[in-house]
Amino acid sequence: KSGHVATVRYMGSVASAKDQRAVYVGVEWDDQTRGKHDGSVASAATGELVRHFTCSPGAGSFVKPKLLRRGGTFGEVMRRRYVGMEEDTVSKDNKLDLDHAHVKTWNGRVLPIEFFGELQIRGQQQLDKLDKVTCRDDSVALAGADAAEVLPLCEHLDLQGNLLHDWGELARLAHQLPRLEQLRLNGNRFHPPTLASGLLNPASGLLQGAFPNLKILVLNSCGLDSWAQVELLEAHLPCIEQLSLAYNTLGDIERVLEAHRAAPSPATPAESALAESAAAAAAEAEAAAAASSSSALGEAGSAEGGGVGGSLLVLSDPQRFPPVCGFRRLHHLDLSNVGLVSWRQVLRFAWLPRLEQLHLTDNAVPDVWALPKELPKDVQPPPPPAKDETALNPLVNPPPPPAAAAAAAEE
């Protein structure tokens, strides 16, 4: 109730308590200097250390249940924040009934402050008419079942700093707000295991069809701890244009991308034999290509050493360095402070067809590699976007030479 945010880790009796029948709540504070321990306490009976839960040292506390304020449903919080037309007005006869609602004039007279237009203002703030809503730091934790009734026209929703922690609850909320185009969730600490396979099932998963019109999604500081989770979400964001993932832990991007390449697939004996034959032929071709291109790369760089040669090697060999795929409409991506440590990781985003802005603030990338002027002719980019999308990325859709552009303009 003091306004400090914590995650519940335990409920029950505590070994250090005088009354072993009393129920306490073990919490891990977001402010890790606020607690007293790491979830373990000394037993009042034996003095031995008893662990009730695990958290960072100094981040844990045991508190009485009455001191906690649980999160509410989206509808509950909205109705509490916005006053209906049928509720009593704040002012009676246009005068505020407050001791301090007055002003002194130059000659010492005390006049009441009059409040005009209250009903007109209230009329503009009715939930069933709003398409843009901001509700920050107000303990929204659950979707509820009445979001569509409360906000039927909502297109822009800002839920920064609330208590959403379950991706399933977010999906339930999104299904009730099909017009949603912008969603800001900064600071909601989602629990990664809730992004489970059942949630993503193409036929019955909750995320299926949850964001049909979403164009802007902000997930800064939302507890993502693997690029694999971003990939799971991508399949359910068909219209996404701007995505912010700052202050999450996504430094495993290369391991995740390369795991797709290495993942085995079931095959019959005939298919295995065919695959072995194809692999041998591919190895011979790769060796020949490497021999022919080694002089071109020369001392310019490598995938580890950087330089133009390093960029060329990464961009020319998608089998060895798999790129980020999907996100066919994405043009703005914020990866500030996500744990990237090399320019080779950054180059994995080079094939996104419409990417225009990439933010990399506060990543420990030691140097930037120059890009090659052009790629080898045999390098094939990922499949082009649909006809109704324009590929703005020059690697995927390079601009025509000046002469061709001039000719096209004349036509």
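The values are calculated or read from the model by the stated rules, or taken from the named source; none is laboratory data. Just so we're clear, the structure is a prediction, and the values are computed from it rather than from any experiment. Cβ atoms come from the backbone with ideal geometry, glycine included; neighbour counts cover every protein chain shown. The accessibility values were calculated without ligands, DNA or RNA, using every heavy atom of the protein model including side chains. Shrake-Rupley method; radii C 1.70, N 1.55, O 1.52, S 1.80 Å.
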Original post:
Out of (1) out of contact with any Gly (no Cβ under 6 Å at 6 or more places or on another chain); (2) within 17 Å of residue 189 (Cβ to Cβ), the odd one out for residue 42 is which?
Top reply: (2)
**OP:** Using the structure shown, decide if residue 330 is surrounded by 15 or more Cβ atoms within 10 Å (Cβ to Cβ), under 25 Å from residue 260 (Cα atoms), at pLDDT 95 or above and touching a strand residue (DSSP E or B) at 6+ places or on another chain (Cβ under 8 Å).
**Re:** yes
Original post:
Of all residues in the range 1-57 being more than 30 Å from residue 72 (Cβ to Cβ), open to solvent by 60 Å² or more (accessible area, probe 1.4 Å) and not in a loop (DSSP other than H, G, I, E, B), which is modelled with the highest pLDDT?
Top reply: 51
Original post:
If residue 125 passes every condition in (1) under 31 Å from the mean Cα position of the chain (by Cα); (2) open to solvent by less than 60 Å² (accessible area, probe 1.4 Å); (3) modelled with pLDDT under 80 but one, which one does it miss?
Top reply: (2)
Subject >> Whichever residue in the range 226-260 is more than 21 Å from residue 188 (Cα to Cα) and hydrophobic (A, V, I, L, M, F, W, C) and, among such residues, is most open to solvent (accessible area, probe 1.4 Å) >> reply: 235
Original post:
In the range 319-359, which residues are within 18 Å of residue 237 (Cβ to Cβ) and outside any loop (DSSP other than H, G, I, E, B)?
Top reply: 332, 333, 334, 349, 357, 358
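Yes or no, residue by residue, for (1) farther than 23 Å from residue 229 by Cα; (2) open to solvent by less than 30 Å² (accessible area, probe 1.4 Å); (3) β-branched (Val, Ile, Thr); (4) assigned to a strand (DSSP E or B):
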site: 145; (1), (2), (3), (4): yes, no, no, no
site: 161; (1), (2), (3), (4): no, yes, no, no
site: 174; (1), (2), (3), (4): no, yes, no, no
site: 183; (1), (2), (3), (4): no, yes, no, yes
Subject >> Candidates 344, 354 - the one that is touching a helix residue (DSSP H, G or I) at 6+ places or on another chain (Cβ under 6 Å), open to solvent by 50 Å² or more (accessible area, probe 1.4 Å) and either at pLDDT 85 or above or not basic (Lys, Arg) (or both) >> reply: 344
**OP:** Evaluate the following for residue 197: is it open to solvent by 50 Å² or more (accessible area, probe 1.4 Å), hydroxyl-bearing (Ser, Thr, Tyr) and modelled with pLDDT under 75?
**Re:** yes
Subject >> Lone unmet requirement of (1) under 24 Å from residue 320 (Cβ atoms); (2) of a type in the set (A, V, I, L, M); (3) modelled with pLDDT of 90 or more for residue 263 >> reply: (3)
